[in-house]
């Protein structure tokens with residue numbers, strides 16, 4: 001038995017799974033959904049590169065190698081590490097997306113939050129390790145492409161999470177944020 005709030009905010013006993021179990025399940029579903037996000041992003045990146053002629057980036061892979069204690073050169077093209085970093089980040093953010101959904105952060109707000117979080121995580125790790133260039137130094141249009149790919153990941157992940165996770169932990173305490 002778990003104590004939860006009913007729609008009016010009154011505490012009641014419930015036979016429903018506890019909050020930890022709900023969050024763990026939502027995180028697991030989200031993590032698996034993150035795999036779909038990673039796959040969709042890989043497709044969007046290939047399509048974008050075919051249209052723009054932009055070369056593939058290996059910054060994510062060099063970032064992962066630096067985090068693991070290696071020292072890759074700027075000319076290194078660690079394809080497996082790049083895929084691992086991109087998939088790992090998508091899975092981790094997918095887990096977070098599942099928790100957000102169970103907690104009541106849904107659809108558009110969650111997609112925007114996930115898109116921004118992806119960009120922030122990527123840029124933080126890439127710049128903290130020295131693997132990436134600061135966004136303010138990028139060539140025109142690169143930021144738009146980064147946001148586009150992060151949004152593809154968030155949308156694909158979100159389509160599954162929104163379908164498979166119910167916002168059962170959404171608070172019913174009222175309409176004010178304070």
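None of the figures in this text is laboratory data; all of them are computed from the coordinates on show. As the structure is a prediction and not an experimental result, all values here were calculated from the model.
Report P(r) for segment 96-137: all Cα-Cα distances, bin width 5 Å, range 0 to the bin holding the largest distance, values in whole percent.
Going from the shortest bin to the longest, the percentages are 5, 22, 23, 16, 11, 12, 9, 1.
Students often get this wrong, so try it: which of [x] 26, 21, 12; [y] 36, 16, 15; [z] 23, 18, 16 is semi-axes √(5λ) of the Cα gyration tensor in Å as calculated from the structure shown?
So the structure-derived entry is [y].
Once Rh for segment 13-61 is found with the Kirkwood sum over Cα pairs, what is the Stokes-Einstein diffusion coefficient at 10 °C and 1.306 mPa s, in µm²/s?
115 µm²/s
In vacuum, with every alpha carbon of segment 56-119 counted as one equal point scatterer, what does the Debye formula give for log10 I(q)/I(0) at q = 0.15, 0.27 Å⁻¹? Two decimals, please.
Evaluating at q = 0.15, 0.27 Å⁻¹ gives log10 I(q)/I(0) of -0.55, -1.04.
How many angstrom lie between the C-alpha centres of segment 63-142 and segment 144-159?
So the separation of the two Cα centres works out to 12 Å.
In deg cm²/dmol, rounded to 500, what helix-only [θ] at 222 nm does the chain give when every DSSP H run of at least 4 residues adds -39500 (n - 2.57) and the total is split over its residues?
Counting only the DSSP helices, I get -22500 deg cm²/dmol.
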